[in-house]
Structure formats: C-alpha cells, structure tokens
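These notes are about the structure you will find just below.
The values are calculated or read from the model by the stated rules, or taken from the named source; none is laboratory data. All values reported here derive from a predicted model rather than from experimental measurement. Every residue, glycine among them, receives a Cβ derived from its backbone with ideal geometry; neighbour counts consider all protein chains shown. When the accessible area is computed, the model is the full protein with side chains, heavy atoms only, and any ligands, DNA or RNA have been set aside. Shrake-Rupley method; radii C 1.70, N 1.55, O 1.52, S 1.80 Å.
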Amino acid sequence: MSQQQPLISHLLELRTKLLRAIGSVLLVFICLVYWANDIYHYMATPLMQALPESSSMIATDVAAPFFAPFKLTLVLSFFVAVPYVLYQVWSFVAPGLYKHEKRLVVPLLASSTLLFYLGIAFAYYIVFPVVFGFFTSVAPEGVEVATDISSYLNFILKLFFAFGLAFEIPVAVILLCWAGVTTPEELKQKRPYIVVGAFVIGMLLTPPDIISQTMLAIPMLILFEGGLLAARFYSKPDEDEDEDETEQEKPES
C-alpha cells in the first residue's frame, strides 16, 4: 500500500502538469484566434509574393477558408506555449535529478527552445522565398499556379517541424557525449557518414527538390560542428561523483 501511494501521487502530479501545459496552449489560442485570418495571410506571404500577378491562392474545400486559419493558429499557439510546456516537464522531473544533471538540463531546455524557434524562422525567411520562387518559375507554359490553402498549410507545417527539429542537432550531440554514448573525437571520425546522413534526412523531411533538401542539410552540418565544439565542455560524470551524490541527495520518492 505504501508503494502505491507514491505512484498515485506521481500520476496525479503528472496529470496536473499535463493539464497546465494544455491549458497554456488553449489560453494562447484564445488570445490569437481573433487574428487567425491575419496570421494565415502573414504565413502565406512568401508564396503570394512569388505567384504571378494574375494568380492567387484558392480553396477547393468548402470549409477550408475557416479550418485552415484555425488549424494554423492552434499549431502556432503550441509553438508560443513551448517554453511553459517545457517548464512543466522540467518541474515534474527536477525532483528526481542530481545536481550535475540539473546543471545540464536547464541550459539545454533553454537552448533547445531557442534553436527550435530559429529553425522555424530560418524556414520562413530564408527557405520559403527561395523554394516558392523556384516552384513558380518552373511551371510549364499554359499552367496557372493556384495553390490550395489547405495544401499550402500542410506543406509549411511539415517544413516548420523539419527545420525546427533539425536545429536541435547541437543538443542531441551534447546529450550523446554527456551520456558517454560517444565522444567528439569519435564523431569527427564519422563526419563523412554524417554528411551523407544529413542529405538523406533532408531528402526525407523536405519536398522532393534539391533546393529545400540542400537548405536543410547544410544548416544541419553547421549545427553539428557547433555541437562538437560545445560537447567538449561536457563529459560523462565520474562514477565516484555519482556515488557521492547518490549518498548525499537521493531523490525524494
């Protein structure tokens, strides 16, 4: 019975954290939903600027003019609330971490959030104008480019997630080196394979064109090198240090 009570209390705490995280997303959504159409127009600007003067975006589904901005605003609300959502995750797992783990997790949570936002900004301001300009310029003669708003939304959300996750590479490299799975020296030796892997990942996560694939792979390689530099300052904790901390500050059940 004594073992079940801590488990139940942890589950109740987890439920509270999840409800707070979901509530933060809904709160941001309520604040933004009034400007849903303006938000969609802003996100569609890179494509509309690349379209010919006689072309425009279209809606092939009856409900698309309502649901497309609604969906975009909901996803954007999650992006905005990510720092608070991560804070809830941190507050749940922090009591079970040791000091050296807390010193690592806090800056990694902050940097991962910033890198995710940078990936989205890079996709919107750098990648979209180039990709959409290329797509509209290679349309066959006699074909009018008129993109459906729902298809466009799915396209940009896929790229947002792809670039946001790709920009987390430095965090992943640091975690691997800190956990002792690998070392910066070993990763350097595997650099040719990582270059090939970056272009394969770019091919899988982006549309089937060499431009977006390359524009994802190159930042991934640059971020990988940055992760190697940062990983030099992190190493797997010594076993003696772990044992001392285990005796001094055991996590509360």
Original post:
In what sequence, highest mean first, do 74-83, 53-62 appear when ranked by Cβ atoms within 10 angstrom?
Top reply: 74-83, 53-62
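So, R0 is 41 Å and r is the distance between the beta-carbons of Thr136 and Glu225; what FRET efficiency does that work out to, to 0.05? Provide the component values of the computation, followed by the final result.
Numbers: r = 34 Å, r/R0 = 0.83.
Calculated transfer efficiency: 0.75.
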Original post:
Looking only at segment 211-230, which residues have a backbone nitrogen under 11 Å from a spot 7 Å from the Cα of Glu186 in the C-beta direction?
Top reply: none
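Give me the accessible area per residue for segment 67-158, probe 1.4 Å, as a whole number in Å².
Numbers: 4640 Å² over 92 residues.
For segment 67-158, the per-residue accessible area is 50 Å².
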Original post:
Rounded to a whole number, what % of the accessible area of the chain do carbon and sulfur atoms account for, probe 1.4 Å?
Top reply: 67
**OP:** Please give the helix 239-248 orientation as an angle from the longest Cα principal axis of the chain, in degrees from 0 to 90, rounded to the nearest 10.
**Re:** 70
Original post:
What does the convex hull of the Cα atoms come to per residue for segment 79-182, in Å³?
Top reply: 124
Subject >> Placed amide H near Asp148: partners under 5 Å, 5+ positions off or other chain >> reply: Ile58
**OP:** Using only Cα atoms, find the angle between the long axis of helix 169-178 and the longest principal axis of the chain, and express it within 0 to 90 degrees, rounded to the nearest 10.
**Re:** 20
Subject >> Stretchable slack from Tyr125 to Leu14, in nm (0.36 nm times residue separation minus alpha-carbon distance) >> reply: 36.2 nm
**OP:** Can you tell me the equivalent ellipsoid semi-axes for the chain? Use √(5λ) from the Cα gyration tensor, largest first, whole Å.
**Re:** 41, 27, 12
Original post:
Extension gain Ile211-Leu118, at 0.36 nm per residue separation less the Cα-Cα distance, in nm?
Top reply: 31.5 nm
**OP:** Give the total of Lys-Lys pairs in the chain with Cα-Cα distances below 21 Å; include a pair only if its members are 8 or more places apart or on different chains.
**Re:** 9
Original post:
Which residue, Gly226, Gly202, Gly164, tops the fluctuation ranking in a GNM of the chain built on C-alpha contacts under 10 Å?
Top reply: Gly226
**OP:** Treating only the Cβ atoms of Lys and Arg (+1) and Asp and Glu (-1) as charged, compute the dipole magnitude of the chain about its Cα centre; round to the nearest 20 debye.
**Re:** 440
Original post:
Working out 0.36 nm times the residue gap between Leu109 and Trp90, then minus their Cα-Cα distance, what length gain in nm do you get to one decimal?
Top reply: 6.0 nm
Original post:
Taking one equal scatterer on every alpha-carbon of segment 1-137, how large is log10 of I(q)/I(0) by Debye at q = 0.14, 0.19 1/Å?
Top reply: -0.84, -1.17
